Amino acid sequence: MDSVLNKMLENASYIYTMANESFKFSKYFHTSNNEDEQKIIMSPPIRFIQHSMWRTSIIELDKLFNHSNDQHFSFYKILNEI
């Protein structure tokens, strides 16, 4: 049982890290410190990257908070296991 719980926590930790990093990149591309950065941030490729990072963050967080029984890394599943 400890190995199952350990694996669940490792998966949840990895997913959380991915969600957090995606959010930080999205936030970075959303803010600018000066006018030159603002020009770069407003370019279509950077806006696409920002939106992709935001979506990745939302998808990863959904994995962690989903009530579905087929996902063994959900916080609800981990709490039930404990």
note = Under the Karplus relation with 6.51, -1.76 and 1.60 and θ = phi - 60°, whole-Hz ³J(HN,Hα) for region 10-26, x at Gly and Pro, equal 5, 5, 5, 5, 4, 5, 4, 4, 4, 5, 5, 5, 4, 5, 5, 5, 4
ask   = Accessible area per residue of the chain at 1.4 Å probe, in Å²?
value = 76 Å²
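Kindly provide the helix-only [θ] at 222 nm of the chain, computed as the sum of -39,500 (n - 2.57) over DSSP H runs of four or more divided by all residues, to the nearest 500 deg cm²/dmol? Spell out each step's value before the answer.
Numbers: 4 runs with 65 residues, N = 82.
Taking each H run of at least 4 residues, the total per residue is -26500 deg cm²/dmol.
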ask   = Roughly speaking, to the nearest percent, how much of region 8-82's 1.4 Å accessible area is carbon and sulfur?
value = 61 percent
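Lysine pairs in the chain 8 or more apart or on different chains: how many have alpha carbons under 25 angstrom apart?
Lysine pairs satisfying the spacing and distance rule in the chain number 7.
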inquiry  = Quick check: net charge around Gln50, other residues with Cβ under 15 Å of its Cβ, Lys/Arg +1 and Asp/Glu -1?
reply    = +3
key: Length gained when the stretch Glu81-Met42 is fully extended (0.36 nm per residue, less Cα-Cα span)   = 9.4 nm
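What dipole magnitude, in Debye to the nearest 20, does the chain give about its Cα centre under +1 on Lys/Arg Cβ and -1 on Asp/Glu Cβ? Please report the intermediate quantities before stating the final value.
Working: 8 positive and 10 negative charges, 38 e Å.
Value, rounded to 20: 180 debye.
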ask   = Which of Ser13, Ile82, Trp54 sits farthest toward the positive end of the charge dipole of the chain, with +1 on the Cβ of Lys and Arg and -1 on the Cβ of Asp and Glu?
value = Trp54
request  = May I ask for the net charge around Leu9, where only other residues with Cβ less than 12 Å from the Cβ of Leu9 are counted and Lys, Arg are +1 while Asp, Glu are -1?
outcome  = -1
key: Separation in nanometres of the label points that stand 7 Å from Cα toward Cβ, at Thr17 and Arg55   = 2.5 nm
query = In degrees, nearest 10, range 0 to 90: what is the angle between the Cα axis of helix 44-65 and the longest Cα principal axis of the chain?
reply = 20 degrees
note = A student applying the Cα gyration tensor rule (rounded when a/c is under 1.5; otherwise prolate if a/b is larger than b/c, oblate if not) would label the chain prolate
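The values are calculated or read from the model by the stated rules, or taken from the named source; none is laboratory data. No experiment lies behind these values; they were computed from the predicted model shown. Here Cβ is always computed from backbone atoms with ideal geometry, including for glycine, and neighbour counts include all displayed protein chains. These accessible areas exclude ligands, DNA and RNA; they are computed on the full protein's heavy atoms, side chains included. Shrake-Rupley method; radii C 1.70, N 1.55, O 1.52, S 1.80 Å.
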